[in-house]
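A quick write-up on the structure given underneath.
The values are calculated or read from the model by the stated rules, or taken from the named source; none is laboratory data. What you are looking at is a predicted structure, and each value in this text was computed from that prediction instead of being measured. Don't worry about glycine lacking a Cβ; one is built from the backbone with ideal geometry, like all the others, and counts go over all protein chains shown.
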Amino acid sequence: PNKAKKGTTKQVENGTNVDGEEKEDKAAQSLLNKMIHTSLVNTTNQVEVLQRDPNSPLYSVKTFEELRLKDKLLKGVYDMGFNRPSKIQENALPMMLAEPPQNLIAQSQSGTGKTAAFVLAMLSHVDPTNKWAQCLCIAPTYELALQTGKVIEQMGKFYPEVKLAYAIRGNKLDRGAKLQEQIVIGTPGTVLDWCSKLKIINPKKISVFVLDEADVMIATQGHQDQSIRIQRMLPKECQMLLFSATFEDSVWKFAERVVPDPNIIKLKREEETLDTIKQYYVLCSDKEEKFTALCNIYGAITIAQAMIFCHTRRTAGWLAAELTKEGHVVALLSGEMTVEQRATIIERFREGKEKVLVTTNVCSRGIDVEQVSVVINFDLPMDKDGNADNETYLHRIGRTGRFGKRGLAVNMIDSKHSMNILNQIEEHFNKKINKLDTDDLDEIE
Ligand code: ADP
């Protein structure tokens, strides 16, 4: 595929306006999550299934064999290292492969096997002897479309008759040229053009429609309308599938507009809890003293892996530099980095190449690094008005105590204001946070 052209639309997509920033963030986060989830996310929660017809039997599979896939597809699945269906796939795959086709709305966090599931469904439904577009998948950005395209290519490795086309800006085709590829993946604007203005795809011949990353999609100006317009052109009997990592009301309303009579599958996120976590605070007078206290703690924490959160990019950069000057090996995750650079840093941290990761909140939001056992709030999380951001606090700290591990959280206090935030957090979670004396650290060992 060709590179996207520079132009006014791209400007907006890059987040030069207020709306743009928010959504660019979501898409970037989503891409980052895709890049760092090289295996399934651990979950002990059960899936919730809501059937369109509650009287029909509910099928679930424990093996890929039970799905009676074509041999070349089963081979592709095993070649990817999949031994058995993931939690969400156990239920989603039989629904998606049923005859007659069933519509599905599925929600589960990133890394739980949604993409692999709908890719398998698309590949199963294709008739390779027909040289026209049959499966259509839309994603919010060029990069996200490419990621999914890679999965299609990988899973279809032993099924070379099936071809894939990218409907993305810059991939220019002549008006009236007919697409031969059976699977099309692209962004809503270009897909819409190909279906309507340019007539490269005949939407009436589409039998599977996938809308991926619905939550990111609706955060992007125009994508929601474009998606609905595409959906309207498809035949009634076309199978509609929608996937999302989160499910706010807005996503739900959108999902119901584009997926008629759906089955619904939900997998709750692992509950975050402060129960298994020891929380402390350290009293300091300023940033420099916080740094000294951190160095004192550092000796105790390097046995494990730690994440250090700062309020701004500037503080994070400064702190990482100071720690490095002291001879510590730390990684810095910062907002100005590209998604690829961030993915590399997270990957190295996960492999334990660096034991300490310094980051800002915006930068690390939504990332799951499960093996972290120590979290340092160099700055406490707060909202725009300067009040405690309890949700972010829980998300930062909650990750340390998951899957039966015990975690440690240390909060750095250097002002009345930050003490006030700490008190709000204590009150909100109804848990006392004890003072830590950094000259005597026996306590936290
Ligand atoms: P999601 O779309 O929900 O983010 P993915 O389908 O991308 O999840 O899967 C996350 C990771 O887990 C990917 O690296 C994928 O290759 C892998 N994966 C997916 N399904 C399975 C499975 N059944 N067994 C093992 N690994 C899987």
- Taking interchain pairs and intrachain pairs at least six residues apart, which have beta carbon atoms under 6 angstrom, with the first residue in segment 99-111 and among the polar types (S, T, N, Q) and the second part of a strand (DSSP E or B) and more than 16 Å from the ligand (Cβ to nearest atom)? Gln102/Asn263; Asn103/Met240
- List the number of the failed condition for Glu153; all other conditions in (1) surrounded by fewer than 22 Cβ atoms within 10 Å (Cβ to Cβ); (2) of a type outside the set (Gly, Ala, Ser); (3) in contact with a Cys (Cβ under 8 Å, 6 or more places away or on another chain) hold. (3)
- Restricting attention to segment 42-64, the residues that are out of contact with any helix residue (DSSP H, G or I) (no Cβ under 7 Å at 6 or more places or on another chain), touching a residue at least 40 places away in the same chain (Cβ under 8 Å) and farther than 13 Å from Gln89 by Cα number exactly 6
- Determine which member of the set Ala306, Ala293 is within 29 Å of the chain's Cα centre (by Cα), surrounded by 17 or more Cβ atoms within 10 Å (Cβ to Cβ) and touching a residue at least 24 places away in the same chain (Cβ under 8 Å). Ala306
- Subset tally (residues that are modelled with pLDDT of 95 or more and within 16 Å of the ligand (Cβ to nearest atom)) for segment 232-250: 4
- Query: Which condition breaks for Tyr159 when tested against (1) away from the ligand (no atom under 16 Å from the Cβ); (2) more than 18 Å from Lys72 (Cα to Cα)?
  - Reply: (2)
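One line per residue, one yes/no per condition, for (1) surrounded by fewer than 16 Cβ atoms within 10 Å (Cβ to Cβ); (2) among the basic types (Lys, Arg); (3) modelled with pLDDT under 90; (4) not in a loop (DSSP other than H, G, I, E, B):
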{"site": "Leu380", "(1), (2), (3), (4)": "no, no, no, no"}
{"site": "Lys384", "(1), (2), (3), (4)": "yes, yes, yes, no"}
{"site": "Leu394", "(1), (2), (3), (4)": "no, no, yes, yes"}
{"site": "Glu443", "(1), (2), (3), (4)": "yes, no, yes, yes"}
- Item | Single residue of segment 164-192 satisfying the filter (surrounded by 15 or more Cβ atoms within 10 Å (Cβ to Cβ) and without any contact (Cβ under 8 Å) to a residue 24 or more places away in the chain) that is nearest to Val216 (Cα to Cα) | Thr190
- Please state which one of Leu323, Leu319 is surrounded by 16 or more Cβ atoms within 10 Å (Cβ to Cβ), in a helix (DSSP H, G or I) and at pLDDT 95 or above. Leu319
- Tell me, please, whether a residue that is aliphatic (A, V, I, L, M) and within 19 Å of Ile88 (Cβ to Cβ) can be found in segment 124-141. yes
- Task: Can you confirm whether segment 193-204 contains a residue that is crowded, with 20+ Cβ neighbours inside 10 Å, more than 19 Å from the chain's Cα centre (by Cα) and among the polar types (S, T, N, Q)?
- Result: no
- Note on the structure: Counting only helices (runs of 4 or more DSSP H) wholly inside segment 40-153, the ones holding at least 3 residues that are within 16 Å of the ligand (Cβ to nearest atom) and within 27 Å of Arg257 (Cβ to Cβ) are 87-97, 114-125
